[in-house]
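The values are calculated or read from the model by the stated rules, or taken from the named source; none is laboratory data. Remember, it's a predicted structure, so these values are computed and weren't measured experimentally. Cβ atoms come from the backbone with ideal geometry, glycine included; neighbour counts cover every protein chain shown.
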Amino acid sequence: MKKILYKYQIAFLLGMVSFASCKKDFVNPNAPTSDQAYSSARGLVGINNGNQRIYSLGGASVLYGLVTANAFTTNEVILRNSGNVPEYQFSLGGASVDATNTILANIWINSNKVIYDANSVIKAAEALNDKAYASGLIAHASILKALALGNLSMLWEKVPDTIGKNVTFSDRMVGFTKSINAIDKAIGLVNANPISSNYTYEAASGIDYLNTLYALKARFLLFSGKNDEAITAANLVDLTKKSTFNYDAISPNPVFTTATATNNVYQAIDSTLGLPAALAPVAADGRIAFYTSINATVSPRFRINGFYNANTTAVPIYLPSEMTLIKAEAFARTNNLSSALTELNKVITKTAAADPFKVGAGLAASTASTATAILEEIYKNRCIELYMSGLKLEDMRRFGRPTTERKRNFFPYPFRERDSNPNTPANPSF
């Protein structure tokens, strides 16, 4: 506990640059100057820890926003109280989700903040004499940067080209490419200079840096349509290892505190996990009981469980089984159906006891034989295995699911961006 508090004190006292300006000019006259904040290795690890806090902690965090926006839009959850305006907008979908939505604004502003600070850490760390410590700083910053860039690219049609005033925008695929480039640079540095134990001791605990870099690379390569490269990256991930954002009673799990515990914002939809009847999990699927619990006395009957069931429950940055499903999909899309089915069945037959996070279907193997059938099974199992992970909207578009199964394709740009940047693109129609 003392270690966590110490890290966050460093983060706020030394590392953080305020993001009060809606123009992404992240400067606070009362905070340390950039030279002061970035002048020491201790200051840099504080900035990384603070950046992770912005990404993963609290109801305004990127993580809460990503999970919530995705879960409503893809029908994974149901609204409990229409007085929660941004969640209510998501529950209605379509034009009801507008540029006033504060959850979208939090994702947008805080993702840009994370990218800005990560870039600053990476630049400063490159000048350090201790290259093993610098590797840790750069790996940590690059993971947060890649996640933030990836999230912007999953939720919006176009992403900012840089951080600053009146920035221009590019197609979202450019965002995935930038994520992959940042990851590749970090992987090269870590392989050349393995991360020192001094860095992992001082940094926020939970992240397996090298495995996470490979896992995020595999994810964003798949989203970019680079199937062979995605297989190569996924094969480099040690599937026995965990990588998580950790929480405690002082710094609690944001979805649990905001939604699960209150029963006043949203809850799990039901045992379908938001899938249409033809794709819904069978009753014997062990993942239903992992991701949902039952309240037999107070409505609603189905409740959020899984990675959002307690204050202290850690949230995976990726699931090892995501890598297996990435390989299955990539093999299927390159017409290697035998390998695709083999990888898919590793997930379908996996028991909870065999999984690092205890996520397991425990079902009989699939006998799908055509590319269409195998891809549908892969989509179904991604939706179940990765429930409430924030990835489903991207999956729905990539697998060509009917628009009637979701409430939006992409989101409108927040007013805070549009009001300060004349280059903000037009909002999508759906």
| task | Return yes or no: is Ala328 in contact with a Leu (Cβ under 7 Å, 6 or more places away or on another chain), in a loop (DSSP other than H, G, I, E, B) and under 26 Å from Ala364 (Cβ atoms)? | result | no
| task | Go through the residues of the stretch 145-156 one by one and say whether even a single one is in a helix (DSSP H, G or I), under 20 Å from Ala204 (Cβ atoms) and among the polar types (S, T, N, Q). | result | yes
| field | Residues that are surrounded by fewer than 24 Cβ atoms within 10 Å (Cβ to Cβ) and farther than 20 Å from Pro422 by Cα, drawn from the stretch 155-179 | value | Met173, Val174, Thr177, Lys178
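Here is a list: Leu341, Leu337. Which entry is surrounded by 22 or more Cβ atoms within 10 Å (Cβ to Cβ) and either over 26 Å from the mean Cα position of the chain (by Cα) or modelled with pLDDT of 95 or more (or both)?
Numbers: Leu337 fails: surrounded by 22 or more Cβ atoms within 10 Å (Cβ to Cβ).
Selected residue: Leu341, the only one of Leu341, Leu337 that is surrounded by 22 or more Cβ atoms within 10 Å (Cβ to Cβ) and either over 26 Å from the mean Cα position of the chain (by Cα) or modelled with pLDDT of 95 or more (or both).
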| request: Kindly indicate whether Tyr266 is closer than 29 Å to Phe399 by Cβ, at pLDDT 95 or above, surrounded by 20 or more Cβ atoms within 10 Å (Cβ to Cβ) and among the aromatic types (Phe, Trp, Tyr). | output: yes
| remark: Scanning the stretch 63-119 for residues that are β-branched (Val, Ile, Thr) and surrounded by fewer than 18 Cβ atoms within 10 Å (Cβ to Cβ) gives Ile78, Val85, Thr100, Thr102
| query | Does Asn381 satisfy being at pLDDT 95 or above and surrounded by fewer than 21 Cβ atoms within 10 Å (Cβ to Cβ)? | reply | no
| note | Filtering the stretch 159-175 down to residues that are assigned to a loop (DSSP other than H, G, I, E, B), in contact with a strand residue (DSSP E or B) (Cβ under 8 Å, 6 or more places away or on another chain) and of a type outside the set (D, E, K, R) yields Val167, Thr168
| task | Within the stretch 176-197, track down each residue that is part of a helix (DSSP H, G or I) and either closer than 17 Å to Leu66 by Cβ or among the hydrophobic types (A, V, I, L, M, F, W, C) (or both). | result | Phe176, Ser179, Ile180, Ala182, Ile183, Ala186, Ile187, Leu189, Val190, Ala192
| Does any residue of the stretch 211-234 turn out to be surrounded by fewer than 17 Cβ atoms within 10 Å (Cβ to Cβ) and more than 26 Å from Leu149 (Cβ to Cβ)? | no
